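Written below as structure tokens is the structure these notes are about.
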Amino acid sequence: MKLKGLILSGGKGTRLRPLTFTRAKQLIPIANKPNLFYVVEDLVEAGITDIGVIISPETGDEVREALGDGSAFGAKFTYILQDQPNGLAHAVRTAREYLGSDPFVMYLGDNLLWGGIGHLVSSYQPGEDYALVLLTEVDNPSQFGVAELDSLGRVVRLVEKPKVPPSNLALVGVYLFDPYIHEVIETLKPSWRGEYEITDAIQGLVDRGLKVKAHKVRGWWKDTGRPEDLLDANRLVLSKLTRRIEGSVTDSEISGEVVIEEGATVVRSVVRGPAHIARGAWIEDSYVGPYTSIGQGSRVVGAEVEYSILLPEAVVTHLPSRLDSSVIGQRVAVNGRRNGPVKNTMQLVLGDRSQVNL
């Protein structure tokens with residue numbers, strides 16, 4: 001049996017603006033690695049190396065440049081252009097020629113899983129299972145597609161963002177499909193949102209009496225669709241760090257699980273982990289607190305930063321307040337005039353190449 005992969009890396013990322021005005025949301029780094037890379041690694045670890053990547057006209061070139069041909073991951077990529085973001089089922093229809101008659105795993109490119117998809121793939125029974133879906137328990141099921149299961153763990157009903165949820169089990173954006181799903185998708189009509197919904201396609205399988213099985217996430221899952229989700233995902237990944245100091249550290253205090261990559265420099269500063277400082281970064285006379293990632297080539301001078309993400313080449317200098325719960329875009333400059341000790345905090349979400357003077 002050959003399983004293909006299908007990664008959805010299109011869409012406009014409206015919930016992450018201004019960060020996504022200039023970049024694909026799937027390439028925003030989590031612990032200094034693009035979210036999309038975690039998705040690819042999940043698929044490859046599960047033995048899926050023939051992977052189609054759905055891209056959009058707006059960000060497709062950027063995704064191609066970041067991923068390459070797949071050889072760096074031990075995979076082979078085929079890029080598939082989706083002209084309009086008309087829903088997940090529309091993305092599958094767009095990829096039908098590539099997918100052919102093979103079963104496949106569809107994985108949303110802005111999802112982050114810790115625990116992998118190996119258990120989902122290994123449980124697949126060709127000719128018997130028409131879909132496998134990955135679920136997780138959530139506190140706010142009305143904001144998700146929700147599954148209702150029978151006593152055998154099979155899906156009997158799917159509801160998109162229900163006012164009265166039949167369960168607290170949300171679809172997390174990883175699916176395994178038998179190629180029969182294409183026949184169902186051809187019969188779909190647009191939803192009230194004007195999109196071809198994958199939940200409608202799966203419900204079509206159920207309505208035809210075909211087996212749709214559910215598995216729960218092992219570990220944790222995050223949909224990185226909003227800035228606060230990015231920060232939480234960054235926290236979760238950083239919490240798994242193992243201390244590694246390869247860069248230059250002078251007159252500084254480094255405590256906890258901290259990664260300082262080769263080529264990074266820390267001078268007269270305090271770094272408390274878990275934190276990740278990428279190569280080429282410069283930290284001077286500063287405090288870097290837990291759950292912070294400092295991107296490649298960034299500079300933090302005379303400032304305090306905690307629970308934040310700095311993208312590559314960001315510059316933060318002499319801030320009068322501690323930067324907290326913030327996402328600072330690539331080549332952003334945040335400059336202040338600090339007089340005396342820091343007394344309060346501030347939160348910023350800044351798109352690439354912007355400038356703030358405090």
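The values are calculated or read from the model by the stated rules, or taken from the named source; none is laboratory data. It should be emphasised that the depicted structure is a prediction, and the values quoted were computed from it without experimental measurement. Neighbour counts run over all protein chains shown; Cβ positions are idealised from the backbone, glycine included.
Things worth noting here:
Residues are listed down the side, and each one gets a yes or a no for (1) over 14 Å from Val334 (Cβ atoms); (2) among the acidic types (Asp, Glu); (3) in contact with a strand residue (DSSP E or B) (Cβ under 7 Å, 6 or more places away or on another chain); (4) surrounded by 20 or more Cβ atoms within 10 Å (Cβ to Cβ):
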position	(1), (2), (3), (4)
Val237	yes, no, yes, yes
Arg243	yes, no, yes, no
Val249	yes, no, yes, no
Val258	yes, no, yes, yes
Glu261	yes, yes, yes, no
Thr292	yes, no, yes, yes
Ser308	no, no, yes, yes
Thr317	no, no, yes, no
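- Leading residue by the ranking (farthest from the chain's Cα centre (by Cα)) among those in region 322-358 that are of a type in the set (Ser, Thr, Tyr) and assigned to a loop (DSSP other than H, G, I, E, B): Ser354
- Pairing each residue of region 280-304 that is in contact (Cβ under 8 Å) with a residue 60 or more places away in the chain with any residue that is assigned to a loop (DSSP other than H, G, I, E, B) and among the charged types (D, E, K, R), provided the two are 6+ apart or on different chains, yields C-beta distances under 9 Å for Gly295/Glu313; Gln296/Glu261; Gln296/Arg279; Gln296/Glu313.
- Selected residue [free of Cβ contacts under 8 Å to residues at least 60 places away in the same chain and not assigned by TED's automatic domain parsing to the domain that holds Val301] from Val259, Val206: Val206
- If the condition is being of a type in the set (A, V, I, L, M, F, W, C) and more than 24 Å from Gly100 (Cβ to Cβ), then region 158-214 contributes Leu158, Val159, Val164, Leu169, Ala170, Leu171, Val172, Trp192, Val206, Ala214.
- Thr78 fulfils the conditions (1) assigned to a strand (DSSP E or B); (2) of a type outside the set (A, V, I, L, M, F, W, C); (3) closer than 21 Å to Glu186 by Cβ except for a single criterion, (3).
- Meets criteria (over 19 Å from the mean Cα position of the chain (by Cα) and acidic (Asp, Glu)) for Asp110: no
- Selection count, region 101-115, where residues are crowded, with 17+ Cβ neighbours inside 10 Å and under 30 Å from Arg235 (Cβ atoms): 10
- Pair list, Cβ < 9 Å and 6+ apart or interchain, from region 172-184 residues that are touching a residue at least 60 places away in the same chain (Cβ under 8 Å) and closer than 15 Å to Thr94 by Cα to residues that are in a loop (DSSP other than H, G, I, E, B) and among the charged types (D, E, K, R): Pro179/Asp102
- Residue match in region 262-278 (condition: under 30 Å from Leu152 (Cα atoms) and in contact (Cβ under 8 Å) with a residue 40 or more places away in the chain): no
- Hits in region 210-240 - residues which are in a loop (DSSP other than H, G, I, E, B), within 26 Å of Leu132 (Cβ to Cβ) and of a type in the set (Gly, Ala, Ser): Gly219, Gly225
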